[in-house]
Structures are given as C-alpha cells and as structure tokens.
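Everything on this sheet refers to the single structure shown next.
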Amino acid sequence: MTADVSQYSGGPAGAVDADAVCGVCGIVNTDGTLLCRGCGNNLRDQKLRRLQAEVPADMDSGVSTRMIVRGVFGVVGLLLLLIVALNVESIADSMVGGGNANDPVARFFKGPDSVTYEALSTAASGLAATPDTIAAALDSPPAAGVVDGEYIIVDANPYGASEILGTASVVSEGDVRRFAVRLSNGYELRGFGHSQGTKAFRCDWEDMALRTPEGAIVSASGVAVRQTDGGLECFGQSELDELSYGAVAYRVP
C-alpha cells in the first residue's frame, strides 16, 4: 500500500498515489509506480477514475468530487519515472560520510566537478519563488527548443492551487542538460540529463544526486517531459525510499 504522503513531508516533493494493479493488463506494479510497467497505463489517472466512480450519486451537494479527490491526492505530483531497486549499502555510506569527491554522485557536490553545479545552485537560490513568478512563467512560455534558464518548481497537483516547492537553474552542453534544484524543504538535486527527442530528457542513477538537509548524498534518477503549456513535468525517485515523486518546472522569462 502506498504510504501516506504526510509521512514524507520532509521529502523532495509529493509522493505519487496510484493503483498498484493495472486495470488494462492486470500486472501488479510496485507501490508508487506512475505508469504500468506492462502496458504504460497511467495508474494515477486510473485510481482517480475509480474513486470518482465510487462516489455515491446522492452524496450531499456541499461536498464535491473535486474536494474528495483533493483530499485523497493532496499535493501529489515533478523532478523527474523509473522502476528501481534500493541500494542500501550506498545509502549507509552516504549517511555516515556524506560521500566523497570520487563517488559517482558525490562529485556533484564535492571536488572539481561540482564547480558548474555550484554556480547553477547559486543562480537557482537567487530566484524569487512567488505566485507572481509563476504567473509570469505561464504568460510567457519558452520558444520550442529553449531549455536554459531559471525555473520555478511547483507540485503536480491539477486539482487546486499549486504549492511552490523551490527553484532550479538549467544550462545545456550539446544534448546534455546540467541542472541544480533548490527545494524549499532544504533538499537539493544536482545532475545532468540526456535529451530524449525534442521534448524530454532522462537522468540515470549515476547522473543525478540528492542531498538531504543533514548532508547525506544519495543517487536519484528521473525524467522530464515538455508539456503543452511550456512546463516540464518531472518524475523521479531516489535511494532514500521506494516512492516516486513529481513536480512541474516553469521557466521564468
């Protein structure tokens, strides 16, 4: 059973609350999986449809379906959708020493390779995360192919006002997108993704790192997909737990 999102309020973003059993192909997926590993069916949307179908027709008119769905999903969601296995040994090492500059993921925060990401992190922290910033980003979506710049990060909840989760900065080197994400709860993501066509990029486990407020550094992975409104919808996971997380990033003009 998917864990209550409120238990993970200190995590990077909102946990994905979705059905485990696919209604299309019948495959049982890992809790927290967004897309069915067998047929690609969106398990979160499947659960939403099921919950809506279960609402009694004579329910008090003062309690809307939207209110019920919002209560179930909370701030369900962006960075970055993969099926993973925990690497407990790596987590333990990171919690003890915070990693070292020679570790694949610690290099994003320590040593010579961290210089670029430190600059991106500084740029992200200098961006004002306000509702006005979101409005400006929505009013002026980037031109096709434009990725570099600063981003405002919000939760991926389509059922109410978006909660601001943090800021990010992105720079391109060929088909590689380097980024740093500063979350308001003290977590930080750094890494790079490879372009997947013109509308998406993917980060493998050794390509992205998550640093906790306590200084532990663990591997993470994810994918970002360009949406019709210009935002980047992101899904990802880290070695801290087995849950999927989601958010949406909007480029600030």
**Q.** Which listed residue is under 17 Å from Asp207 (Cβ atoms), assigned by TED's automatic domain parsing to the domain that holds Arg190 and either among the aromatic types (Phe, Trp, Tyr) or not in a loop (DSSP other than H, G, I, E, B) (or both), from Ala168, Ala123, Ala119, Ala136
**A.** Ala168
**Q.** Filter pass, Asp148 being touching a strand residue (DSSP E or B) at 6+ places or on another chain (Cβ under 6 Å), among the charged types (D, E, K, R), in the same structural domain as Phe201 (by TED's automatic domain parsing) and surrounded by 19 or more Cβ atoms within 10 Å (Cβ to Cβ)
**A.** no
(Q) Could you go through the stretch 225-241 and let me know if any residue there is within 23 Å of Ile152 (Cβ to Cβ), out of contact with any helix residue (DSSP H, G or I) (no Cβ under 9 Å at 6 or more places or on another chain), among the small types (Gly, Ala, Ser) and surrounded by fewer than 22 Cβ atoms within 10 Å (Cβ to Cβ). (A) no
Q) If you scan the stretch 170-217, which residues turn out to be polar (S, T, N, Q) and surrounded by fewer than 20 Cβ atoms within 10 Å (Cβ to Cβ)? A) Ser172, Ser184, Asn185, Ser195, Gln196, Thr198
Q: For Ala143, indicate whether it is at pLDDT below 80 and of a type in the set (A, V, I, L, M, F, W, C).
A: yes
Q) Inside the stretch 168-201, can you point out the residues that are out of contact with any Asp or Glu (no Cβ under 6 Å at 6 or more places or on another chain) and either farther than 15 Å from Ala224 by Cα or basic (Lys, Arg) (or both)? A) Glu173, Gly174, Arg177, Arg178, Leu183, Ser184, Asn185, Gly186, Tyr187, Glu188, Arg190, Lys199
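The values are calculated or read from the model by the stated rules, or taken from the named source; none is laboratory data. All figures in this text were calculated on a predicted structure; none of them were measured in a lab. Cβ sites come from the backbone with ideal geometry, for glycine too, and all protein chains shown count toward neighbours.
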